Amino acid sequence: MMADLTNQAVDGMIDPEIFKQVQTDIDEDIKVRDEIRGLLKSLDKHDRSIQSVLSRVHAVPASSLAALLSSAQPFFEQQRDTLKELDAIASKYPYYKYNSIWTRELQAASYGIVLAGWLGAFTPENEERKEGRLMTIKEVGEKLGVSVNVRETDVFHLSLEEYLHSLINLIEELTRLAVNSVTLGDYQRPMLISKFVKDLHAGFQLLNLKNDALRRRSDSIKYNVKKIEDVVYDLALRKLINQTDSQAPPSQ
Amino acid sequence: MPPTGSKRPFSGSGSGPHRTGPRPQSHNPQQLQQPAPTGPYISMFTEFRNELDEHQDRRERIIKASRDITAASKKIIFSLQRLRPTTLPLTTSLPQNINNEILQYESKIQDLLASIIPDLQGLDGPRWQRQISPGLQEYIEAIGFRHYLLKRKVMEWEEADWYVSGLHGDEILGRKKKSEEVKEDVEMIDVVSTQPIETSSTAEGGSEKKEEEKKDLKGIQLTKEDYVLGLYDMTGEMMRFAITSVATTPLAQLLGAAKDSADGKAVSTPQCLLQDLRTLQSAFEGLDVGFTAFGKDADKKLRVMQDSVKKVEYAFYGMVVRGSERPEGWVADFDAGGSGGGGGDNE
């Protein structure tokens, strides 16, 4: 009697379909991840090309900057194409399921745009190139060809956090540029950088960041502010800049 | 924003009567001294802040709910561990006292799940997956364990998903739907009120609207990953249950299979548990989990599970080796709860 009761469910304890289904899902997940990683390799390559062009800004006078920026243009276009492919794959799945895989690459892509934009790469043709412009998240999205900060629909996009990370990268790069501009004999650009970075710093101080990478990095902005102030101080001390000019930004 | 002109005269006239005494340290003048931040990007970053704060608040609500769900689920598991069944699956439903305990915790869990449904809509579902998943896994562990004890089966994903969705609390707990309660109230009003038609129509309209809003919300999604990880944890509970069971089963029944049935099928509860643990072990071992974060979790839990199976095997070994030294019919007295296993007894 008891044997009957205890044995009634033995054979069907696990429906084998359960594990088959789970396995299918796991396999699909791994396949998608691999596919995305493949695209990230080419994104990485485009990003390195862009950075290698833009990093020469530290060594060339402002007069030849326009040519430098236009030489980066083809790489931006390639980046756009790859992002389109990534968009096509990623938008098939919930955004936040895989977003951690590409978030570094998207930060880098956004950084390339904000840096080039600050240097004046995207000024309309009929205007004179002007430095010191902050590309908004919307403009970055337009340049990259991706949606930004989407809240409603679940599609591939550049997130607010990724954009903020790229602004911190920009601040770090501009700090270096302030120093190198002086070496190149450009005493006005550090003034422009100083004001720009201070303004951004004021912005970052408004944010209530949780204890994460963004918080740690934004805490370090103040050191960049100080470094740039030291450069400005050095110039002012030696009367290399006219303090009253400091409000007139363009270095060209 | 610079200090407004209307505030200054107010603080000035306010301090007037106190001029002779020490200045009252009101917070207002100090706030006025610090100028609001100005700059070209302030409004942009203010928008960013509002958005980030919203995310952060949502994240914290979810983490809190997850933690509370975990705690309540653990209590359900403790209640289930107090059962002393002689058969598996249990031949009757859970004993009343244990069922009541569980119901109390489960209603808490269902309320918590329902409360965070709005926070997990659309993009936010996968976004906060990692924050909610500990709670969901623990709940799967608890209801999976209950399901196993009652049916001696592994709960399927569809059923588990139905449980965690947060939409079926009323059915799960056997309580009345809120809309029905409202309607009953309306009927009561009908009797008393002098204008029954108007009151009832507005009240019903309101409740229907709420129901519709609820329907628009998608329930909480259970990922296959959380489901599997919850089942892994469940094997740990089966192990604990099996060890207790081995210790409280008379030796003659414990090894029933070897004597009574030629085909080696499990007879006693501990034997059923060991057999099922082995079945689950081989199913989990056959799973190719990959090298994702989930894969690493699953690998770790698989090792824990293999240890669990070994523990039960050693418990059996101990009983066989040392059990023969016990007096005839002697059983360790574990049953502190008294009537704990009474419901399932049939001897």
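Note on A:THR153 and A:ARG80: with the Förster distance fixed at 22 Å, the Cβ-Cβ geometry gives a FRET efficiency of about 0.55.
Just report the Cα centroid separation between segment A:35-105 and segment B:39-64, whole Å. If you average the Cα positions of each part, the centres end up 28 Å apart. Spatial offset of segment B:294-325 relative to segment A:174-224 amounts to 58 Å, using the alpha carbon center of each. For segment B:223-325, the residue among B:SER308, B:THR235, B:VAL289 whose Cα projects farthest onto the positive side of the dipole built from Cβ charges is B:SER308.
Taking every C-alpha pair closer than 8 Å and separated by at least 6 residues, the mean separation divided by the residue count of segment A:118-179 gives a relative contact order of 19 percent. For the peptides A:155-166, A:135-146, residues were scored by their other Cβ atoms within 10 Å and the scores averaged per peptide; the highest-first order is A:155-166, A:135-146.
Of the solvent-accessible surface of segment B:47-167, computed with a 1.4 Å probe over protein heavy atoms with every protein chain present, carbon and sulfur atoms account for 48 percent. Note on A:ARG133/A:ILE89: beta-carbon distance plugged into 1/(1 + (r/R0)^6) with R0 of 30 Å gives a FRET efficiency of 0.40. Based on DSSP H segments of at least four residues, each scored -39500 (n - 2.57), chain A has a per-residue ellipticity at 222 nm of -22500 deg cm²/dmol. The listed residues A:ASP234, B:ASP276, A:ASP199, once ranked by accessible area (1.4 Å probe) with the largest placed first, stand as A:ASP234, A:ASP199, B:ASP276. Each peptide in A:115-128, B:216-229 receives the mean, over its residues, of other Cβ atoms within 10 Å, and ordering these scores from highest gives B:216-229, A:115-128. Classification of segment A:116-252 by its C-alpha gyration tensor yields an oblate form. The axis ratio a/c (a ≥ b ≥ c) is 1.5 or more, and b/c is at least a/b. The local environment of A:GLY203, defined by Cβ-Cβ distances under 11 Å, has a net charge of 0 under the rule Lys, Arg +1 and Asp, Glu -1. Label point of A:ILE101 set 7 angstrom out along Cα-Cβ; within segment A:153-193, amide nitrogens under 14 Å from it belong to A:156.
Averaged over the residues of peptide B:279-290, the number of Cβ atoms from other protein chains lying within 10 Å of each residue's Cβ is 3.
The local environment of B:SER133, defined by Cβ-Cβ distances under 11 Å, has a net charge of -3 under the rule Lys, Arg +1 and Asp, Glu -1.
Normalising the average separation of contacting C-alpha pairs (under 8 angstrom, six or more residues apart) by the number of residues puts the relative contact order of chain A at 17 percent.
Between A:SER55 and A:ALA236, the FRET efficiency estimated from the beta carbon spacing at R0 = 35 angstrom works out to 0.80. Annotation for B:GLU51 and A:ALA66: the two label points, set 7 Å from Cα along the Cα-Cβ direction, are 3.5 nm apart.
The values are calculated or read from the model by the stated rules, or taken from the named source; none is laboratory data. Because the structure is a prediction, the values reported are computed rather than measured. So basically every Cβ, Gly included, is an ideal-geometry build from the backbone, and we count neighbours across all protein chains shown. The area values use the complete protein model at the heavy-atom level, side chains included, leaving out ligands, DNA and RNA. Shrake-Rupley method; radii C 1.70, N 1.55, O 1.52, S 1.80 Å.
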